[in-house]
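Trainee: Below: one structure in structure tokens.
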């Protein structure tokens with residue numbers, strides 16, 4: 001897994017398997033702005049596609065059923081934000 005810091009916000013936002021991550025989100029805890037800090041991603045770069053290595057999706061089985069059986073089914077990208085008001089961490093993710 002690699003990490004891209006948000007020094008270049010657009011580059012970090014685009015380390016994704018789907019739509020770009022937002023540069024800023026609203027904190028559900030205090031309502032203030034939370035800017036993107038970094039994106040952790042696996043398998044997006046050619047040199048990070050070693051299928052013999054563990055991936056987040058291999059940590060647990062998924063049944064695909066809500067309640068207690070959901071888990072990732074593929075490599076993932078996770079955006080981490082820190083609220084400027086309360087400093088709580090927030091996250092969003094997507095998968096291949």
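Trainee: Report the extension gain between residue 45 and residue 66 in nm, rounded to one decimal, defined as 0.36 nm multiplied by the number of residues separating them, less their alpha carbon distance.
Mentor: 4.4 nm
Trainee: Follow-up. Looking at the square roots a ≥ b ≥ c of the eigenvalues of the Cα gyration tensor of the stretch 19-71, which shape do they give, rounded for a/c under 1.5, prolate if a/b is larger than b/c, or oblate?
Mentor: Here the stretch 19-71 falls in the oblate category.
Trainee: What number, in percent, do you get for the relative contact order of the chain if the mean sequence gap of Cα pairs under 8 Å and at least 6 apart is divided by its residue count?
Mentor: RCO, the chain: 31 percent.
Trainee: Read through the labelled values [x] -0.36, -0.43, -0.50; [y] -0.41, -0.49, -0.57; [z] -0.30, -0.36, -0.43 and report the label of the one computed as log10 I(q)/I(0) by the Debye sum over Cα atoms at q = 0.10, 0.11, 0.12 Å⁻¹ from the structure.
Mentor: Label [z] holds the value from this structure.
Trainee: For the chain, what is the calculated [θ] at 222 nm in deg cm²/dmol (nearest 500), taking -39500 (n - 2.57) for each run of four or more DSSP H residues and dividing by its residue count?
Mentor: -1000 deg cm²/dmol
Trainee: Under the 0.36 nm per residue contour assumption, what length would be gained going from the current alpha-carbon distance of residue 8 and residue 24 to full extension?
Mentor: 4.4 nm
The numbers here are math on the coordinates, done by the rules we state, and not lab data. Just so it is clear, the structure is predicted and the values come from calculations on it, not from any experiment.
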